[in-house]
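See below for the structure under consideration.
The values are calculated or read from the model by the stated rules, or taken from the named source; none is laboratory data. These numbers come from a predicted model, not from an experiment. Neighbour counts run over all protein chains shown; Cβ positions are idealised from the backbone, glycine included. Heads up: the accessible areas ignore ligands, DNA and RNA and are worked out on the full protein's heavy atoms, side chains in. Shrake-Rupley method; radii C 1.70, N 1.55, O 1.52, S 1.80 Å.
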Amino acid sequence: MIQTGITGIDEMLGSGIPRGTRVLFSMEPGVDGRLFMISTLNNALSRNHRCLVIIPTSTARVFRSEILTLKKVDIDDYKDKLVVLDSSVRDSLHKKCPVPAERVNEWKSLIRETCEKNLIDIIFVYFDLIYEDLGLEEGFRMLDITIGDRKPTVVLEHLNLEGDDLLTRFSADLAFDLIISLKSSFTPAPYFNFFTLEYTSWSNMPRRSIPYIIINNTISLYIPKIIVTGPPASGKTTFVNQASDRGISGDRKDLKGAATTVAMDLGWLHFKGFDITIYGTPGQPRFDPILPQLASHAMGVVMVIDVTRPEQMARVRTLMELAKVNLIPMVIAANKCDLPHDFSENEIRDSLHLKADVPIHFISALRRSDVRLVVESLVHCITTYPF
Amino acid sequence: MYTYKTGIALIDDVTGGLGPGMNILILAPPLSGADTLGACIARPGTGEYSIIISTEERSIDMANRFSAENLNRNHIGIIDAITKMSSPEASDSVHVKFVASPSDLTGIGIKFSQIVESIFNGEFEVSADVDLFPPPIRFYINSLSTLLMYRKLEVLYQFLHVLGAKLKKMEGFGVYILNNESFDEKTVAVMKQLMNVVIEVKVESDGHYLRIRGLSGVSGDWYKFRIENGEVVIGK
Ligand SMILES: Nc1nc2c(ncn2[C@@H]2O[C@H](COP(=O)(O)OP(=O)(O)OP(=O)(O)O)[C@@H](O)[C@H]2O)c(=O)[nH]1
Ligand SMILES: [Mg+2]
């Protein structure tokens, strides 16, 4: 097993990338997705796997300096576990065999020898130039080797200039097991990238896309919008405040002097490799017209209900409609369970007509750990939800 | 709509400058000073920015030349595709980014996006008097000839096609240099497909000439020209 080392993605892939599989990171031009391959390589080295890197666009020295800047890892420290075939190898093979058909065989025997001699488990390939030199089938043929009775895991990074058709060829013709594509938003500002888990052969994980941002050379999955809604005074503002590392409150005092939300609460949190923006809605029905707007483009909903007030459930059902929770994942935060109450999970599920897979968590929004648990549960739903 | 002045009176007087999303190809024989002409067209005007892919000149030499020519270096981002081949440890700054070699199209694309992002995020110097949005960006490849020595024509075409689409979305303006004597007609024709305007350069015994193709209303005749203090001067 190897992992990408990217929090969030490894969880989605289950226990990791099985041995002997074929992995593709496909990048659209201009998208900074190098860290997917580099992070996977780092992870493999740190778990004592023996790796071969084939990088025809660069010298081994440049590759070393690249990893050093991006990851503060010096590949020279892994000399006994890592072999690099760089641009000089490609140059000499080109001189030796000008005919592509012969060159494939030359490459193939070089790769086989290297793998045998160094007991290589995983081959990392920057495929772009190999594809240009030899084409898809031939280019891959040189990587498809068996040593003894096992095949090394193959991880490819490719600059995809042809779009989705090429991905289909990787999965259908070359039997790739995991395909992740990296693309960018079309607008230049704000600029964000997203990765799409296109296909895995070993799980029935649905295809999904999640934006990511790069902070200090680490990939953070980016959930731009989670909304927290619920009936008046159920604890939404408290929830957003507890969940957030920093935030802005939309509360104003009402006529009786109690605080109520009149705009929205806004919070940001960094949590288990995810960067999340969280929006709390006002609870008063007079703000209902703004709810669909607030809920648009949300990736998930936390419905905060007050377990001491079962009579509010009709209101909750209205909110569920306004927030279009049939289209996006939702979790229920059954709040104020520190207070005496008599409202069971089944009663909640029945009165809200909830599907069995909608999680209900009994919490007190006054406790940060409870709130984080709900966030974690929603993130899990978002990353496994069949959108 | 924002328009980009080319600094060539023959074009600017008639068109008032070229609109966003336009691409200019400079077709020139070797040693004809095409890169000086290219630099004139691609340098940032007031409130503008330039992103330069340099495959022939190291960024440090280029930056020195810029200061000598009074170019606003703080408005220029350079993608240097050659320095790393001799100095592997060269490290990126906001204004200068390095890629492994001219064959590293993945790296070129990424560094391009990084510079665009910095410009949009205001990490480049912003002119106090002119703060335009989207920030006008001139994109300059010097030269396609080198890239074509490292990559196949079809691959480079597709790559430039995608990059050109991004440039268009951000309302930028592209300038490209191609040495027309080192490549066959097909190569030149394919590269021309990506362009809106072609400026051909030739050298005669009495000096340099240019001819503009692709702009209605702009004369397609040969004109003598010289560069004086970074300005294109059209002569008789
Ligand atoms: N005991 C207890 N009180 C809570 C809990 N969560 C919130 N409260 C209290 O409930 C009241 C309302 O909480 P808010 O967070 O303002 O509720 P809200 O949903 O944002 O209210 P509106 O914006 O007016 O709809 C406050 O007095 C909170 O201190 C909880 O888990 N336990
Ligand atoms: Mg509130």
For this session: Please work out the Cα convex hull volume for the stretch A:9-216 and give it in Å³ per residue.
Result: 132
For this session: Estimate the FRET efficiency between A:Arg141 and B:Asp13 by the formula 1/(1 + (r/R0)^6), using the beta-carbon distance for r and 60 Å for R0, to the nearest 0.05.
Result: 0.55
Seminar exercise, completed: Output field shielding_mean for A:83-91 (other chain Cβ, 10 Å radius) holds 1
Problem set entry | For the stretch A:1-109, size of Cβ-based charge dipole, Lys and Arg +1, Asp and Glu -1, in debye | 340
For this session: Subtracting the Cα-Cα distance from 0.36 nm times the residue separation, let me have the gained length for A:Arg367 to A:Arg112 in nm, one decimal.
Result: 86.1 nm
Problem set entry | Gaussian network model of chain A, Cα within-10 Å springs - most flexible of A:Asp149, A:Asp251, A:Asp80 | A:Asp149
For this session: With an 8 Å cut-off on Cα pairs and a minimum separation of 6 or more residues, tell me the relative contact order of chain A in percent.
Result: 14
For this session: Decide, for the stretch B:33-129, between rounded, prolate and oblate: order the square roots of the alpha carbon gyration tensor eigenvalues as a ≥ b ≥ c, take rounded if a/c falls under 1.5, and otherwise choose prolate if a/b is larger than b/c, else oblate.
Result: oblate
Seminar exercise, completed: Once phi for every residue in the stretch B:221-235 is put through the Karplus expression 6.51 cos²θ - 1.76 cosθ + 1.60 (θ = phi - 60°), the whole-Hz ³J(HN,Hα) values, with Gly and Pro written as x, are 7, 6, 10, 6, 8, 9, 10, 10, 6, x, 10, 7, 10, 8, x
Exercise. Ignoring ligands, DNA and RNA, what percent of the 1.4 Å accessible area of the stretch A:223-383 is carbon and sulfur?
Worked result: 56
Exercise. Of all accessible surface on the stretch A:9-216 at a 1.4 Å probe, what whole percent is carbon and sulfur?
Worked result: 52
For this session: Please say if chain B is rounded, prolate or oblate, where rounded means a/c under 1.5 for a ≥ b ≥ c the square roots of the C-alpha gyration tensor eigenvalues, and otherwise the choice is prolate for a/b larger than b/c and oblate otherwise?
Result: rounded
For this session: Once you have the Cα-Cα distance between A:Arg309 and A:Ser249, take 0.36 nm times their residue separation minus that, and quote the gain in nm to one decimal.
Result: 19.2 nm
Problem set entry | Probe 1.4 Å, all protein chains present, accessible-area order of B:Glu171, A:Glu66, largest first | B:Glu171, A:Glu66
Exercise. Taking +1 at the Cβ of each Lys and Arg and -1 at the Cβ of each Asp and Glu, which of A:Trp202, A:Ile145, A:His158 sits farthest along the dipole of the stretch A:99-209 towards its positive end, judged by Cα position relative to the Cα centre?
Worked result: A:Trp202
Problem set entry | FRET E, pair A:Ser15, B:Ile227, Förster distance 51 Å, beta-carbon r, rounded to 0.05 | 0.20
Problem set entry | Solvent-accessible ranking of B:Lys192, B:Lys84, largest area first, probe 1.4 Å | B:Lys192, B:Lys84
Seminar exercise, completed: Once Lys and Arg are counted +1 and Asp and Glu -1 for all other residues with Cβ under 13 Å from that of A:Ser296, the total becomes +2
Exercise. Under a Cβ-Cβ cut-off of 13 Å, what is the net charge of the residues other than B:Leu160 that fall near it, where Lys and Arg count +1 and Asp and Glu count -1?
Worked result: +4
Seminar exercise, completed: When A and B pair up, the total accessible heavy-atom area removed from solvent (1.4 Å probe), in Å² to nearest 100, is 2300
Seminar exercise, completed: The correct ranking of B:Ser182, B:Ser216 by accessible area at 1.4 Å, largest first, is B:Ser216, B:Ser182
For this session: Using a 1.4 Å probe over the heavy atoms of the protein chains, calculate the carbon and sulfur portion of the accessible area of the stretch B:1-117 as a whole percent.
Result: 51
Seminar exercise, completed: Expressed per residue, the solvent accessible area of chain A in Å² (1.4 Å probe) is about 42
Exercise. Convex hull volume of the Cα atoms in the protein assembly as shown, per residue, in Å³?
Worked result: 187
For this session: Using a 10 angstrom cutoff on alpha carbons, build the Gaussian network for chain A and name the most mobile of A:Cys51, A:Cys97, A:Cys337.
Result: A:Cys97
For this session: Could you work out the mean count of beta carbons from other protein chains within 10 Å of each residue's beta carbon in A:50-59?
Result: 3
Exercise. Under the definition of partner shielding as Cβ atoms of other protein chains within 10 Å of a residue Cβ, what is the mean value for peptide B:108-115?
Worked result: 4
Seminar exercise, completed: With +1 at each Lys and Arg Cβ and -1 at each Asp and Glu Cβ, the charge dipole magnitude of the stretch A:274-387 around its Cα centre, to the nearest 20 debye, comes out at 240
For this session: With a 1.4 Å probe and every protein chain left in place, tell me how much accessible area A:Ser249 has, in Å² to the nearest 10.
Result: 60
For this session: Could you pull out every whole DSSP H run in chain A that spans at least 20 Å of Cα extent along its own axis and averages -1.0 or higher on the Kyte-Doolittle scale?
Result: A:368-384
Seminar exercise, completed: Taking max minus min of the Cα coordinates of the stretch B:67-107 on each principal axis, largest first, gives extents in Å of 31, 19, 16
Exercise. Percent of alpha carbon pairs in the stretch A:223-383 separated by more than 24 Å?
Worked result: 25
Problem set entry | Mean residue ellipticity (222 nm) of chain B, computed from DSSP H runs ≥ 4 via -39,500 (n - 2.57), nearest 500 | -9500 deg cm²/dmol
